[in-house]
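Just below is one structure, and these are the notes that go with it.
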Amino acid sequence: MSEFDVAVIGGGAVGLSTAYWLAKKGLKVALFEKNYLGSGSSTRNASGFRVHFKSEQNVKFMIEGKKRLLRLSKELKYNPLVSECGYLWLLATEEQINEFKKTNNQVWSKHSVSGKFLDTHELKQILPNAKTEGVTLAFFGPQDGTFHHDFVLFALQSALKRSRVSVFECSEVTEICVKSNKVSGLSIGAREHTCEKLVVCAGAWSASVCKLAGVSVPIEPERRELGVTEPIRRFVDTFVIDLSRSIYLTQGIRGDIRGGPTDLATRGFAPLLSTFKWTVEFSKRICALFPDLKGVGLNRQWSGYYEVTPDHSQIMGRGENWPENFYVAAGFSGHGMMMSLLAGELMAEHVADGFTPELMKPYSPDRFAKGNTLDESMIF
Ligand SMILES: Cc1cc2nc3c(=O)[nH]c(=O)nc-3n(C[C@H](O)[C@H](O)[C@H](O)COP(=O)(O)OP(=O)(O)OC[C@H]3O[C@@H](n4cnc5c(N)ncnc54)[C@H](O)[C@@H]3O)c2cc1C
């Protein structure tokens, strides 16, 4: 008899959520985290959520995912401070405009999440302080917005404390034991634990963790940086993505502006530093969009990893040729915080009940080899 029904590796939002939903099903669960809970990308993100993706699968996933965010305060008594402030995309090229129009007609309207196109005059009403020369059309998705990632993590962490989940922090999994094509346990250095099933939720580190079981997944780390200014008077009421200047920003409830350039990324495990190059680019670009921001101080800057797959969409489930009780939920490619609550719930159904929920099917690890990748290019 094993010590645990399921071992979950990784204490970010996806691992915490998966452990929570598995425990709710009555299973004996252990969660192993190499540092402290939330030390990965889940406390380093911009806390945006959206239902507007290019691929229909991601749209459907996030229509349900948003419901889970809205339901969190009822489910776990923590308010994740959801603000439906909308996403405002500033479009510059014919190609971008055509892509948005096509997706709006063919995908978003089909799922009742169509948005509004704004001409330059209408845009001025929403962003009176912005310099929008070069922007020919904008798209506003009112169903999108922001939340507070810390409250999602606190909610899940405190729920795990109240449940029977055994949480092991400072416990890096260094070995996964596979016998007769079945995982039987894992090691934290010299310490061993046995389990019936194992789920890897190790974010950007998932490829190396999967390798411990002889499994290969195409997930690569990409360092991204983010910054927050000092608080200022209410300035912008929405989440702005300026595709002409390659920058995004939003204003938090305290008045601080947070955001970053969308095109400054370093592939691989680059050190989690705050670079001067980023500071200069961020300052230049937000001041080009909003000249009134000149002189506003940058309070904080930090970095974290996106966990990128070839089609910028997550991997959920298990591959046909993998050890039979080995699962992965990782590779959310920069949108895992918003998806984490639903992802954990679906993974728990899959792992505990043995069926693959409809919403999870497109994310099979085998899709890369079978040529069934998703068409997701609406990323930043
Ligand atoms: C700058 C930035 C902005 C972002 N903005 C957004 C946004 O606006 N909205 C959004 O939804 N998402 C956003 N994201 C992405 C989001 O943060 C991630 O997709 C999400 O946090 C992934 O969660 P996770 O649980 O899979 O990974 P993580 O939170 O990284 O957790 C993985 C955990 O696994 C642990 N681990 C690794 N190896 C081992 C091991 N061998 N043993 C034990 N533990 C191990 C790590 O220490 C880590 O804590 C952003 C990310 C960044 C970096």
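The values are calculated or read from the model by the stated rules, or taken from the named source; none is laboratory data. None of these values were measured; they are calculated from a predicted model. Virtual Cβ from ideal backbone geometry, glycine too; neighbours counted across all protein chains shown.
The residues of region 47-87 that are hydrophobic (A, V, I, L, M, F, W, C), surrounded by fewer than 20 Cβ atoms within 10 Å (Cβ to Cβ) and either more than 26 Å from Q157 (Cα to Cα) or within 15 Å of the chain's Cα centre (by Cα) (or both), listed by number, are I63, C85. Taking only pairs six or more apart or across chains, which ones have beta-carbon atoms under 6 Å, a first residue in region 14-35 that is over 11 Å from S163 (Cβ atoms), and a second residue that is of a type in the set (S, T, Y) and within 15 Å of the ligand (Cβ to nearest atom)? The qualifying pairs are V14/S340; S17/S340; A30/S166; F32/S171. Regarding L198, is this residue outside the structural domain of S274 (by TED's automatic domain parsing), more than 10 Å from the ligand (Cβ to nearest atom) and surrounded by 23 or more Cβ atoms within 10 Å (Cβ to Cβ)? Answer is yes for this residue.
The residue list D263, D311 contains one member that is surrounded by 20 or more Cβ atoms within 10 Å (Cβ to Cβ) and either in a loop (DSSP other than H, G, I, E, B) or not assigned by TED's automatic domain parsing to the domain that holds P362 (or both), which is D311. Just so you know, in region 350-366 the residues that are without any contact (Cβ under 8 Å) to a residue 24 or more places away in the chain and in a helix (DSSP H, G or I) include one that is farthest from W322 (Cα to Cα), and it is E358.
Scanning region 248-259 turns up one or more residues that are of a type in the set (K, R), within 11 Å of the ligand (Cβ to nearest atom) and assigned by TED's automatic domain parsing to the domain that holds N299. Of the residues making up region 295-345, just one is of a type in the set (K, R) and either under 13 Å from the mean Cα position of the chain (by Cα) or away from the ligand (no atom under 15 Å from the Cβ) (or both), namely R318.
If you check K60, K66, K54, K34 for being within 16 Å of T146 (Cα to Cα) and either assigned to a loop (DSSP other than H, G, I, E, B) or more than 7 Å from the ligand (Cβ to nearest atom) (or both), only one passes: K66.
On inspection, G214 passes the criterion of being more than 14 Å from the ligand (Cβ to nearest atom) and in the same structural domain as S340 (by TED's automatic domain parsing).
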